[in-house]
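These notes concern the structure reproduced below.
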Amino acid sequence: MWPLLQLFIDIAFHRRGPEDVPPAGVLLGLVLCTAMAVQVVSLMALGNLFPRAVAETAVHLALTLGAYALVLHWRGHGARFRQTATALLGTATLLGLVMLPVVTWLDAGIRAEAVAPLALLAFFVLMVWSIDITGFVLSRALGAHYVVGVLLALAVIILDATLRRQWLPPA
């Protein structure tokens, strides 16, 4: 367990890349389940009911992983999907666990109409880091410049947010 955790930490700090992730389907399945669980718990901590949290998580993961699979296939790197998805989901899970108390703190401030500037700063830093990690992983998987990975990550974030708002309007 620790070597896998260390691998995702190393990827988050750009010390290793998705090519270092074992291309095992079982590992991808386990990391996918863990990522889903963390995201569902995060959404429920923000007041979403379980069915809504599951639906939003499923749509988010289907959109983002589908978009990344499409881009990898289009660029002739479809065989790298399993490793890339595992790296993205593993690092997103770790970052999600770090972000959970920050988002809860931010949500409490919003509800009380007294958002702490430190909560906003922490949220912003973690969001930028998330984009950085995704851009890094994508650039390595595509054999492209880091900026290309970051721009692709931003495009998928915008696409995901737009489509989720259309398909799952606020309750």
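Conditions (1) within 22 Å of Leu163 (Cα to Cα); (2) surrounded by fewer than 16 Cβ atoms within 10 Å (Cβ to Cβ); (3) of a type in the set (Phe, Trp, Tyr), marked per residue:
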| residue | (1), (2), (3) |
| --- | --- |
| Val26 | no, yes, no |
| Leu32 | yes, no, no |
| Ala35 | yes, no, no |
| Ala45 | no, yes, no |
| Leu63 | yes, no, no |
| Phe81 | no, no, yes |
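Could you check how many residues of segment 142-151 are of a type in the set (Val, Ile, Thr) and either surrounded by 11 or more Cβ atoms within 10 Å (Cβ to Cβ) or in contact (Cβ under 8 Å) with a residue 60 or more places away in the chain (or both)?
So the first thing to find is which residues in segment 142-151 are of a type in the set (Val, Ile, Thr), and the list is 147-148, 150.
Filter once more, keeping what is either surrounded by 11 or more Cβ atoms within 10 Å (Cβ to Cβ) or in contact (Cβ under 8 Å) with a residue 60 or more places away in the chain (or both): 148, 150.
Selection size over segment 142-151: 2.
State all residues of segment 113-131 that are free of Cβ contacts under 8 Å to residues at least 60 places away in the same chain and closer than 19 Å to Thr64 by Cα; if no residue qualifies, say none. Even if it seems obvious, please write down each step before you answer.
Filtering segment 113-131 for residues free of Cβ contacts under 8 Å to residues at least 60 places away in the same chain gives 113-128, 130-131.
Across segment 113-131, the qualifying residues are Leu126, Met127, Val128, Ser130, Ile131.
Kindly establish whether Pro101 is over 14 Å from the mean Cα position of the chain (by Cα), more than 22 Å from Leu49 (Cβ to Cβ) and of a type outside the set (D, E, K, R).
In short, no.
Select, from Asp107, Asp132, the only residue that is over 26 Å from Gly29 (Cα atoms), in a helix (DSSP H, G or I) and of a type in the set (D, E, K, R).
Values: Asp132 fails: over 26 Å from Gly29 (Cα atoms).
Residue meeting the stated conditions: Asp107.
Of everything in segment 152-168, what is aliphatic (A, V, I, L, M), under 15 Å from the mean Cα position of the chain (by Cα) and surrounded by 13 or more Cβ atoms within 10 Å (Cβ to Cβ)? Give them in sequence order.
Leu152, Ala153, Leu154, Val156, Ile157, Leu159 - these are the residues of segment 152-168 that are aliphatic (A, V, I, L, M), under 15 Å from the mean Cα position of the chain (by Cα) and surrounded by 13 or more Cβ atoms within 10 Å (Cβ to Cβ).
Working only within segment 1-58, note down all residues that are basic (Lys, Arg) and closer than 23 Å to Tyr146 by Cβ.
The initial filter retains those residues of segment 1-58 that are basic (Lys, Arg), namely 15-16, 52.
Across segment 1-58, the qualifying residues are Arg15, Arg16.
Considering only segment 135-171, state which residues are closer than 19 Å to Gln83 by Cα, assigned to a helix (DSSP H, G or I) and small (Gly, Ala, Ser).
Passing the criteria: Gly135, Ser139, Ala141, Gly149, Ala153.
Read the figures in this text as sums done on the coordinates, not as results from a lab. No experiment lies behind these values; they were computed from the predicted model shown. Methodologically, a virtual Cβ is constructed for each residue, glycine included, from the backbone with ideal geometry; neighbour enumeration extends over all protein chains shown.
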